[in-house]
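The values are calculated or read from the model by the stated rules, or taken from the named source; none is laboratory data. Remember, predicted model here, so these are calculated numbers, not experimental data. Note: ideal-geometry Cβ built from the backbone for every residue, glycine included; neighbour counts use all protein chains shown. Protein only, heavy atoms only, side chains kept; ligands, DNA and RNA dropped before computing areas. Shrake-Rupley method; radii C 1.70, N 1.55, O 1.52, S 1.80 Å.
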Amino acid sequence: MRLAKTLSLFLLLNIFQLLFCLPHALAAGIFSVYLAEDSLSVTAENVPLQTILRELAAQGIKVKIDPAINPLISANFKKRPIAPALESLLKPTSYSLLWHAVPDDADKPSIQLAAIQVFQTGKKDQMQTLQPRRNEVITKNSKGVFYVKDEILLYIPPGTDLAELRKLLQSYNAILIENIGLEGLLKVLLPENSDVFAISRALKDKLDLEISQPNYAYPIQSPVPYGTGTPVPSIDPGSYIPADNTASIAILDSGLAANSSLDPFVISSLDVMDPDTPITDTLGHGTQMAYIASGLVKPYGPEDEHKPYIPIIPIRAFDDNGYTTDFKIINAVNFALENNARVMSISWGSETRSDFMEKAFTYANARGLVIVASAGNEPTGKPVYPAAYPSVIGVGALEPHGKTWENSNYGNFVALYAPGFANLPVGHKGDPGLYAGTSISTAFVANSIAGYLSENPAATLQEIRDYLNRKF
């Protein structure tokens, strides 16, 4: 559980996990839950108790409850001490609170809430663990834009009176979730089958909002298989000893396979869909990119004696169907920043432009994270995001002999072209072998940047771009 004193713009984006962990059925009304170090804030109008407890579960509290217990709760309080706050919510039931000691900065343990148990008297055996998850339903409109059904994202400057917004949302029978972790970011849950595009435009116009948009979704970009390649030589993990100043790469992709033999390269990892489980990769794409970003596999191209082995931070941001969303992306960016990544490799893209995604990458870039993204495997000349955001370095692909790959996208947003053919020991929804794509080029450029930053840790973004222009 994060402490309130650590609040800063993206540092607390872990709270984004709670924003897609609500149950399918919600009562209309205004709803927010925020747990700080020693206080609880709740706003709820006829909201099922289990909905509130799911929010606490999403913020790190273990919750067990009898499924038959689910009264409607109305509450409105801020920063109330946790014990009396929960008493006011749970008093119609029998319950127990479990606490644990956590060291603070003064080496004196503080007592923090660890678990909640809600039960019928004498029937504790009927309790079940409450899962903090809401299944997102991803669809697309007639223009081919993917988005999460019945969800809208808003950005309102901190300190703005939300009374007018709340009143307007009530007319839509919508629920407002306030995310205190990122000031100004709000999420709106609409009734089933709502027109998220029309409602987001209406909210923006009526309230003059800075950002009002659907929660966009993005499919993963597949590299192109070119047939069977030669076996990839193995590396002795003992030969990989990163220096203390080695810059690390966060790989925002489909995860990392458990049998990839890349453990010596991994310094941290995250499964955004299920942060409490070890990272996996059912698609293979993220594992492919991890081989290249780490330096274990090098694309075909000009010989390069400087082949750095780089520590990696694999982040699974795509589900088993190959989709991610704005919330998952922002959560991944936050994890990369928290774990001191210097480079982020994004080997996918979409023609859908998102104000929230651009805001996230702009902030991360200002914090020193160098972001590279693939330009796309269709030569349309149209901008692909995130590669086309100003804070991101867009990468196209070269064939082994240095010619631009015929399927590589192009345009003013493409900063450079890099080798894009590689023999990979794992396939993407297929067999190992020779693959091509701007995704490969991107991971290779990320590896090069990390190697340069390891030797030049104080390099500016312009110096990094100059280095890439010389190298490629």
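Tabulated values for the structure
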quantity	calculated
From ALA68, ALA57, ALA75, ALA44, residue being in a loop (DSSP other than H, G, I, E, B) and either aliphatic (A, V, I, L, M) or on the phi < 0 side of the Ramachandran plot (or both)	ALA68
Pairs with Cβ under 6 Å, 6+ apart, first in segment 377-396 and in contact (Cβ under 8 Å) with a residue 24 or more places away in the chain, second among the basic types (Lys, Arg) and surrounded by fewer than 22 Cβ atoms within 10 Å (Cβ to Cβ)	TYR385/ARG353
Tabulated pairs, segment 342-361, first open to solvent by 10 Å² or more (accessible area, probe 1.4 Å), second part of a helix (DSSP H, G or I) and of a type outside the set (S, T, N, Q), C-beta under 6 angstrom, 6+ apart or interchain	ARG342/LEU453
Residue selected from segment 395-433 under the condition farther than 29 Å from ALA258 by Cα and acidic (Asp, Glu), by the criterion surrounded by the most Cβ atoms within 10 Å (Cβ to Cβ)	GLU399
Matching entry among THR380, THR438 (being under 28 Å from SER200 (Cβ atoms) and of a type in the set (S, T, N, Q))	THR380
Of the criteria (1) of a type outside the set (Val, Ile, Thr); (2) over 21 Å from THR246 (Cβ atoms); (3) surrounded by fewer than 24 Cβ atoms within 10 Å (Cβ to Cβ), which one TYR309 fails	(2)
Any chance ALA68 is open to solvent by 60 Å² or more (accessible area, probe 1.4 Å) and free of Cβ contacts under 8 Å to residues at least 12 places away in the same chain	no
Unique residue being buried (at least 19 other Cβ atoms within 10 Å of the Cβ), out of contact with any strand residue (DSSP E or B) (no Cβ under 6 Å at 6 or more places or on another chain) and within 29 Å of PHE146 (Cα to Cα) when the list is GLY284, GLY295	GLY284
